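Below is one structure, written out as structure tokens; the observations come after it.
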Amino acid sequence: LGNGVAPQDVIKQYGADILRLWVGTVAYQSDVKISMDLIKQVAESYRKIRNTFKFMLGNLSDGSLGKFNYAKDKANELSLIDKFVVEKLHLVVNNFIECFDNYDFAGGVNEIMNFMSNDLSSFYLDLAKDILYCEEFDSLRRRQVQTVIYEVCDTLLRLLTPIIPFTMDEVYDFFKDENGALSSQLLDMPSKYENIDEELLNQYSKVLALRSDVLKA
């Protein structure tokens with residue numbers, strides 16, 4: 001009819017993962033809309049995903065000390081701000097799994113996109129830059145941030161693999177240790193967390209609200 005978009009055209013211009021990401025964001029319960037303008041918006045979301053992983057992977061490197069080793073270098077005690085983000089990550093995992101169990105793929109993808117945009121890029125990774133760039137490589141505070149980044153990277157990598165497998169395989173090539181699986185597609189999906197600390201998440205919401213007011217001022 002001349003009113004469609006050929007998948008091959010999208011793949012040729014943007015790549016298969018962006019077409020897959022579009023599928024993952026479609027609310028298929030109603031009429032599905034597609035156009036090259038919509039694909040451009042998805043490509044922008046994809047770029048944010050890629051840049052966030054790029055930043056996280058880059059800061060799991062310790063220069064002459066080599067790569068951050070989670071088993072050896074992780075911090076056993078985290079600061080309150082670190083705990084906020086880890087607990088929010090656990091909530092995202094639970095919501096994502098629940099969405100996918102109910103075939104609400106768009107809801108699951110939106111959970112990840114909102115977390116990456118609001119909790120990571122705009123908040124945690126922004127404040128973490130001074131720590132990552134200025135502290136000693138093996139200082140406790142830097143190790144705390146790296147521990148969070150590792151856990152976030154590992155979890156999001158597993159959640160996003162069914163949606164954008166080519167990109168996550170590329171991420172995994174830089175992320176995996178020498179004993180890791182051959183592909184991200186051979187990793188287990190995260191399991192639901194039994195106990196979400198609602199009080200901690202409530203404190204986190206208050207901090208974000210206060211931060212918003214301070215930024216306006």
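The values are calculated or read from the model by the stated rules, or taken from the named source; none is laboratory data. Computed from a prediction, not measured in an experiment: that's the story for all the values here. Backbone-built Cβ (ideal geometry, glycine too); neighbour counts: all protein chains shown. Protein only, heavy atoms only, side chains kept; ligands, DNA and RNA dropped before computing areas. Shrake-Rupley method; radii C 1.70, N 1.55, O 1.52, S 1.80 Å.
Would you point out which residue out of 177, 169 is in a loop (DSSP other than H, G, I, E, B) and open to solvent by 30 Å² or more (accessible area, probe 1.4 Å)?
Values: 169 fails: in a loop (DSSP other than H, G, I, E, B).
Checking each option against the conditions leaves just 177.
Could you please tell me which pairs satisfy a Cβ distance under 6 Å, a separation of 6+ or placement on different chains, a first residue in the stretch 194-214 that is at negative phi and in a helix (DSSP H, G or I), and a second residue that is open to solvent by less than 70 Å² (accessible area, probe 1.4 Å) and of a type in the set (Phe, Trp, Tyr)?
Within 6 Å, the pairs are 204/84.
Need the failing condition index for residue 138 against (1) more than 30 Å from residue 23 (Cβ to Cβ); (2) open to solvent by 10 Å² or more (accessible area, probe 1.4 Å); (3) outside any loop (DSSP other than H, G, I, E, B), just the number.
Just one mismatch for residue 138, condition (3).
Going through 201, 187 one at a time, which residue ends up being surrounded by 14 or more Cβ atoms within 10 Å (Cβ to Cβ) and over 29 Å from residue 19 (Cβ atoms)?
201
So, in the stretch 30-66, how many residues would count as being outside any helix (DSSP H, G or I) and surrounded by fewer than 14 Cβ atoms within 10 Å (Cβ to Cβ)? Walk me through it before giving the result.
Taking the stretch 30-66 first, the residues outside any helix (DSSP H, G or I) are 30-35, 59-62, 66.
After this cut, where a residue has to be surrounded by fewer than 14 Cβ atoms within 10 Å (Cβ to Cβ) as well, the list is 30-33, 35, 61, 66.
Summing the residues that are outside any helix (DSSP H, G or I) and surrounded by fewer than 14 Cβ atoms within 10 Å (Cβ to Cβ) in the stretch 30-66 gives 7.
Please work out which residue is farthest from the chain's Cα centre (by Cα), limiting yourself to the stretch 1-35 and to residues that are of a type in the set (D, E, K, R) and farther than 25 Å from residue 107 by Cβ. Don't jump to the end; show me each part of the working.
Taking the stretch 1-35 and keeping what is of a type in the set (D, E, K, R), we get 9, 12, 17, 20, 31, 33.
Applying the additional criterion that residues be farther than 25 Å from residue 107 by Cβ yields 9, 12.
Values: 9: 28, 12: 26 Å.
Residue satisfying both the conditions and the ranking: 9.
Being more than 13 Å from the chain's Cα centre (by Cα) and of a type in the set (D, E, K, R) is the filter here, so list the residues in the stretch 50-97 that pass it.
Listed by number, the residues that qualify are 62, 67, 72, 73, 74, 77, 82, 83, 87.
Please work out if residue 182 is part of a loop (DSSP other than H, G, I, E, B), free of Cβ contacts under 8 Å to residues at least 12 places away in the same chain, hydrophobic (A, V, I, L, M, F, W, C) and open to solvent by 20 Å² or more (accessible area, probe 1.4 Å). Reasoning before the result, please.
Working: part of a loop (DSSP other than H, G, I, E, B): yes; free of Cβ contacts under 8 Å to residues at least 12 places away in the same chain: yes; hydrophobic (A, V, I, L, M, F, W, C): yes; open to solvent by 20 Å² or more (accessible area, probe 1.4 Å): yes.
For residue 182, the condition - part of a loop (DSSP other than H, G, I, E, B), free of Cβ contacts under 8 Å to residues at least 12 places away in the same chain, hydrophobic (A, V, I, L, M, F, W, C) and open to solvent by 20 Å² or more (accessible area, probe 1.4 Å) - is met.
Identify all residues within the stretch 106-129 that are surrounded by fewer than 19 Cβ atoms within 10 Å (Cβ to Cβ) and more than 16 Å from residue 56 (Cα to Cα); write none if there are none. Please lay out each step first, then the result.
To start, the set of residues in the stretch 106-129 that are surrounded by fewer than 19 Cβ atoms within 10 Å (Cβ to Cβ) comprises 106-107, 110, 113-114, 117-118, 121-122, 126-127, 129.
Scanning the stretch 106-129 gives 106, 107, 110, 114.
Taking only pairs six or more apart or across chains, which ones have beta-carbon atoms under 6 Å, a first residue in the stretch 1-25 that is touching a residue at least 60 places away in the same chain (Cβ under 8 Å), and a second residue that is open to solvent by 40 Å² or more (accessible area, probe 1.4 Å)?
Between residues of the stretch 1-25 that are touching a residue at least 60 places away in the same chain (Cβ under 8 Å) and residues that are open to solvent by 40 Å² or more (accessible area, probe 1.4 Å), the close pairs are 17/166; 24/105.
When the stretch 67-118 is examined, which residues are found to be closer than 30 Å to residue 44 by Cβ, in a loop (DSSP other than H, G, I, E, B) and in contact (Cβ under 8 Å) with a residue 60 or more places away in the chain? Give the steps one after another, and end with the answer.
To start, the set of residues in the stretch 67-118 that are closer than 30 Å to residue 44 by Cβ comprises 68, 81-82, 84-118.
From what is left, the residues that are in a loop (DSSP other than H, G, I, E, B) are 68, 102-104.
Residue satisfying the conditions is 68 alone.
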